[in-house]
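Written out below as structure tokens is the structure these notes cover.
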Amino acid sequence: MVQETEFQSDDPALAGTMRPIWALDPMPDGTRVSVTCENVPEGISKEDHDAGLRSTLANLASFTE
């Protein structure tokens, strides 16, 4: 699944359109979910972005388990 997320900000380093690409892979005991993001605004640090993605995936897991 491919999405586009628009970040609106007065700071150009935090604005732009990010493209998350979600992959769902069947596993013997469920489904592995992974996400890759393209065009992350340059003002979002890798550490902050990784923390946000981990939080999103943890929320998804708690919702589906």
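The values are calculated or read from the model by the stated rules, or taken from the named source; none is laboratory data. A quick note: this is a predicted structure, and the numbers were derived from the prediction, not measured. Cβ atoms come from the backbone with ideal geometry, glycine included; neighbour counts cover every protein chain shown. SASA here: full protein model, heavy atoms, side chains in, ligands and nucleic acids out. Shrake-Rupley method; radii C 1.70, N 1.55, O 1.52, S 1.80 Å.
Structure data summary
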| quantity | calculated |
| --- | --- |
| Karplus (6.51, -1.76, 1.60) ³J(HN,Hα), θ = phi - 60°, over segment 7-15, in Hz, Gly and Pro reported as x | 9, 9, 7, 6, 8, x, 6, 10, 10 |
| Mean separation of Cα contacts under 8 Å (6+ apart) over length of the chain, as relative contact order % | 25 percent |
| Relative packing of peptides 18-24, 4-10 - highest average C-beta neighbours within 10 Å first | 18-24, 4-10 |
| Folded to 0 to 90 degrees: helix 46-64 orientation relative to the chain principal axis, Cα | 40 degrees |
| Carbon plus sulfur fraction of accessible area for the chain, probe 1.4 Å, in percent | 52 percent |
| Residue-wise HN-Hα coupling along segment 19-32, computed from phi with Karplus coefficients 6.51, -1.76, 1.60 (Hz; x: Gly, Pro) | 10, x, 10, 9, 10, 10, 10, x, 10, x, 10, x, 9, 8 |
| Helix-only [θ]222 nm of the chain, DSSP H runs n ≥ 4, -39500 (n - 2.57) each, per residue, nearest 500 | -10000 deg cm²/dmol |
| Accessible surface, per residue, of the chain when the full set of protein chains is kept, probe 1.4 Å, Å² | 77 Å² |
